[in-house]
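The values are calculated or read from the model by the stated rules, or taken from the named source; none is laboratory data. Please read these numbers as outputs of a predicted model, since none were measured by experiment. Note that each Cβ is placed from the backbone with ideal geometry, even for glycine, and that neighbours are counted across all protein chains shown. These accessible areas exclude ligands, DNA and RNA; they are computed on the full protein's heavy atoms, side chains included. Shrake-Rupley method; radii C 1.70, N 1.55, O 1.52, S 1.80 Å.
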Amino acid sequence: MRTCKRNPACHPERSVAESKDPVALSSISQRDSSTSLGMTKNMYRTHDCNSLRKSDIGKQVRLAGWVHVLRDHGGVIFIDLRDREGLTQVVFRPEENAEVAKEAHTLRSEDVIEISGRVAARVPGTENPRLATGDIEVIPNRLRILNRADALPFPIDAEVHNEDLRMTYRYYDLRRPQLSRNLRVRHRVAKATRDYLDSQGYVEVETPILSKSTPEGARDFLVPSRLTPGKFYALPQAPQQYKQLLMVAGVEKYFQIARCFRDEDLRADRQPEFTQIDIEASFVTPDDIFAITEGMLAAIFKAARNVDIKTPFDRLTYREAINRYGSDKPDRRFGVQLVDLSDDFRASGFKVFRNAVDSGGVIKAINATGFAGITTGQIEELTETAKLFGAKGLAFIKIENGEWKSPIVKFFSDGEKAALQSKLRIEEGDLILFGADRWETACEVLGRIRLRVAEIQKLTPTSEVWDFLWVTDFPLLQWSVEENKWNAMHHPFTRPKADDVPLFDAKKFGEIRAEAYDVVLNGVEIGGGSMRIHESELQEKMFEALGIRSEDRQSLFGHLLRALRLGAPPHGGIALGLDRLVMLVCGEDTIRDVMAFPKNNRGLDLMTQSPAEVDPRQLRDLSIKLTGEKKSG
Ligand code: ASP
């Protein structure tokens, strides 16, 4: 049902939760003490561009910033002067100061200027209530051009859909108020995180960026070593092993705002490097990790959005989540749930359903209430989705004019119809959609359809809802058909539930549950973690289940296995995807919009043109010979 889930920052699929408008700039205060410009004794300015008010009228001030918009009204030049904090209108009138007004005529958008002048009331009727400085304007007696801007790559105050262009000129793109706001929200989230964890006794420890390649889920980025030719460092996929080793070191409560690197295909909203809020603690149970995470998220939402989120969060086991929502990161902002009908169709005359149950599968359905008017095109689209996730087709019933319209209804007995009626609370105008398959497939297919139906029917509330949820008891291992082996669903250091440890010897790997959990917000996984294995024998069992040969265990994980034998305390932790969290806080729909310098969806940094070829001498130093083959990108 899912591939390796080591990546709370990155999801291949886009959920409905992510497709909303960015939060209005005004709903997040632009000012706070931690980020105001602090104007004491500044050479260039006495105020920022968002501070002058009616009470300042008559004052002599100095402002500096960028020419945001310039309007020439018959010789009178109006400039919206912009800095990080906002806009102030500056008016050059030839009759007030002909020389300065003449120079102002040479200005272009994004020129950098400093002006000195007098604060004046705007002409009555021309006030701008949408601007904090909208009651006043500044009449300059001095203009200093600090730097000119060339022709601009794109207008700063318009929507620009060419993202590659935006990325090429990212330093310019970041001047846009929305992105500038996002960077500051990100700062505030990071600060609230540090302050909160510090208040709880957590210590921030940096761990190496040059680390070791071990099979942990994703592909590593490798760094060749010049000093030991032929050997490689790996960039950390996450500081997982280091943070566990810090527990062996007696740090007890660790955190880090940590950069992680994974060399994965960049489908959808992924980045090769991203940031995690990484946490680990000793002598804890999952409840302790839940409490610290909830407290931290509450502090973050208070600091960044002034929202009081509800804690403690609800909890669902993985099995319940899949059974009810067909997803391990359920979006519960709309009510539709999967209903199990397997018992009702065990002896059905409808062969497709009976066969599914006979072969150990399930019959599940959802009631898309009021959606009987679905178009043929939409049914086709949903059927394609069902097939994409492994179903053979998509059975449905429309309830229209008191009639159950569907080619399959004729096979149903009265008892089956009555069961459907009562379990799905069917009413006129409803649409029933079925899944009949292996449990995993039927649930996943209906889970996907549930999300798509919610999207089409616009079921997600338009007002802000912050639905946090813990999903617990994930399976420890997952069978990979492609690799023909068991893989860790989370990572190889995840602790199995005590009751399930005997299943290792019984080789019932698929039934072992992990002491692992995810935290979900509005249908998006924002973090995940687990209790860890702290005994070397159990860790060996886990490696064995993963098919790692004992000689490889020593060469790859010898350090960890040794550490576990030197007094490793029980420990556990969690990591939250900072980029994704900030994206949700800001109401953006891509993590690129909350990162200063992201790569594009091909992993390229278009601004610096990286990755790039290097000097042959650098390669020689590293004992690297290129084969001359180039993979087309
Ligand atoms: N290191 C894990 C990850 O990156 C999170 C954790 O288990 O704490 O997914």
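How many residues does the range 110-123 contain that are farther than 14 Å from residue 58 by Cα and modelled with pLDDT of 95 or more?
Number of matching residues: 6.
Against the condition open to solvent by 20 Å² or more (accessible area, probe 1.4 Å), of a type in the set (A, V, I, L, M) and under 30 Å from the mean Cα position of the chain (by Cα), how does residue 575 come out, does it pass?
Considered against the rule, which asks whether it is open to solvent by 20 Å² or more (accessible area, probe 1.4 Å), of a type in the set (A, V, I, L, M) and under 30 Å from the mean Cα position of the chain (by Cα), residue 575 comes out as no.
Residue 414: among the acidic types (Asp, Glu), without any contact (Cβ under 8 Å) to a residue 40 or more places away in the chain and either out of contact with any Cys (no Cβ under 7 Å at 6 or more places or on another chain) or under 30 Å from residue 495 (Cα atoms) (or both), yes or no?
Considered against the rule, which asks whether it is among the acidic types (Asp, Glu), without any contact (Cβ under 8 Å) to a residue 40 or more places away in the chain and either out of contact with any Cys (no Cβ under 7 Å at 6 or more places or on another chain) or under 30 Å from residue 495 (Cα atoms) (or both), residue 414 comes out as yes.
Is it fair to say residue 394 is open to solvent by less than 60 Å² (accessible area, probe 1.4 Å) and either on the phi > 0 side of the Ramachandran plot or outside any loop (DSSP other than H, G, I, E, B) (or both)? Please lay out each step first, then the result.
Working: open to solvent by less than 60 Å² (accessible area, probe 1.4 Å): yes; either on the phi > 0 side of the Ramachandran plot or outside any loop (DSSP other than H, G, I, E, B) (or both): no.
No: the conditions fail for residue 394.
Within the range 153-165, is even one residue of a type in the set (D, E, K, R), free of Cβ contacts under 8 Å to residues at least 40 places away in the same chain and closer than 27 Å to residue 53 by Cα?
If we filter the range 153-165 for residues that are of a type in the set (D, E, K, R), which is where we start, we get 157, 159, 163-164.
Still in the running and free of Cβ contacts under 8 Å to residues at least 40 places away in the same chain: 159.
Add one more test, that the residue is closer than 27 Å to residue 53 by Cα, and what stays is none.
No.
Considering only residues that are in a loop (DSSP other than H, G, I, E, B), within 16 Å of the ligand (Cβ to nearest atom) and touching a helix residue (DSSP H, G or I) at 6+ places or on another chain (Cβ under 7 Å), which ones fall in the range 467-512?
Answer for the range 467-512, where residues must be in a loop (DSSP other than H, G, I, E, B), within 16 Å of the ligand (Cβ to nearest atom) and touching a helix residue (DSSP H, G or I) at 6+ places or on another chain (Cβ under 7 Å): 473, 474, 491, 492, 493.
Go through the range 291-318 and report how many residues are farther than 30 Å from residue 477 by Cβ and either open to solvent by less than 70 Å² (accessible area, probe 1.4 Å) or in a loop (DSSP other than H, G, I, E, B) (or both).
Matching residues across the range 291-318 total 14.
So is residue 550 open to solvent by 10 Å² or more (accessible area, probe 1.4 Å), out of contact with any Ser or Thr (no Cβ under 9 Å at 6 or more places or on another chain) and polar (S, T, N, Q) or not? Let's see the steps before the verdict.
Details: open to solvent by 10 Å² or more (accessible area, probe 1.4 Å): yes; out of contact with any Ser or Thr (no Cβ under 9 Å at 6 or more places or on another chain): yes; polar (S, T, N, Q): yes.
Taking the combined requirement at face value, the residue satisfies it.
Scan the range 197-214 and report the pairs whose first residue is within 16 Å of residue 557 (Cα to Cα) and whose second residue is in a loop (DSSP other than H, G, I, E, B), with Cβ atoms within less than 6 Å and a gap of 6+ or a chain change.
The qualifying pairs are 211/236; 213/220.
Could you count how many residues in the range 439-482 are modelled with pLDDT of 95 or more, basic (Lys, Arg) and surrounded by fewer than 23 Cβ atoms within 10 Å (Cβ to Cβ)?
Number satisfying all stated conditions: 2.
May I ask you to say which residue of 627, 590, 608 is loosely packed, with under 11 Cβ neighbours inside 10 Å and on the phi < 0 side of the Ramachandran plot?
627
I'm trying to understand the selection: among the residues of the range 333-345, which are of a type in the set (D, E, K, R) and either buried (at least 20 other Cβ atoms within 10 Å of the Cβ) or under 22 Å from residue 395 (Cβ atoms) (or both)?
340, 343, 344
List every residue pair whose Cβ atoms sit under 8 Å apart, with the two residues 6 or more apart in sequence or on different chains, where the first one lies in the range 595-606 and is outside any loop (DSSP other than H, G, I, E, B) and the second, anywhere, is surrounded by 17 or more Cβ atoms within 10 Å (Cβ to Cβ).
What qualifies is 605/167; 605/599.
When the range 238-265 is examined, which residues are found to be within 12 Å of the ligand (Cβ to nearest atom), in a loop (DSSP other than H, G, I, E, B) and within 22 Å of residue 194 (Cα to Cα)?
238, 239
Would you mind finding the one in 219, 226, 270 that is farther than 24 Å from residue 601 by Cβ and either assigned to a loop (DSSP other than H, G, I, E, B) or within 13 Å of the ligand (Cβ to nearest atom) (or both)?
Exactly one of 219, 226, 270 is farther than 24 Å from residue 601 by Cβ and either assigned to a loop (DSSP other than H, G, I, E, B) or within 13 Å of the ligand (Cβ to nearest atom) (or both), namely 226.
Just need a number here: residues in the range 450-466 that are charged (D, E, K, R) and in a helix (DSSP H, G or I).
The total comes to 3.
Given the condition modelled with pLDDT of 95 or more and in a loop (DSSP other than H, G, I, E, B), answer yes or no: does some residue in the range 616-633 qualify?
Looking through the range 616-633, none of the residues is modelled with pLDDT of 95 or more and in a loop (DSSP other than H, G, I, E, B).
Output the helices (runs of 4 or more DSSP H) that fall wholly within the range 131-214 and possess 2 or more residues being under 30 Å from residue 56 (Cβ atoms), or say none.
Here the list reads 177-199.
Please work out if residue 127 is within 21 Å of residue 175 (Cβ to Cβ) and without any contact (Cβ under 8 Å) to a residue 60 or more places away in the chain.
no
Just one of the numbered conditions (1) in contact with a His (Cβ under 9 Å, 6 or more places away or on another chain); (2) more than 16 Å from the ligand (Cβ to nearest atom) is not true of residue 534; which one?
(2)
Look through 523, 510, 528 and report the one residue that is on the phi > 0 side of the Ramachandran plot and among the small types (Gly, Ala, Ser).
Values: 510 fails: on the phi > 0 side of the Ramachandran plot; 528 fails: on the phi > 0 side of the Ramachandran plot.
Just a single option satisfies the conditions, and that option is 523.
Select from the range 471-525 the residues that are aromatic (Phe, Trp, Tyr) and free of Cβ contacts under 8 Å to residues at least 60 places away in the same chain and list them in ascending order. Please lay out each step first, then the result.
As a first pass, look at the range 471-525 and keep what is aromatic (Phe, Trp, Tyr): 474, 479, 486, 493, 504, 509, 517.
479, 504, 509 - these are the residues of the range 471-525 that are aromatic (Phe, Trp, Tyr) and free of Cβ contacts under 8 Å to residues at least 60 places away in the same chain.
Please specify each residue of the range 397-420 satisfying the condition of being loosely packed, with under 14 Cβ neighbours inside 10 Å and under 14 Å from residue 341 (Cα atoms).
Matches in the range 397-420: 415, 418.
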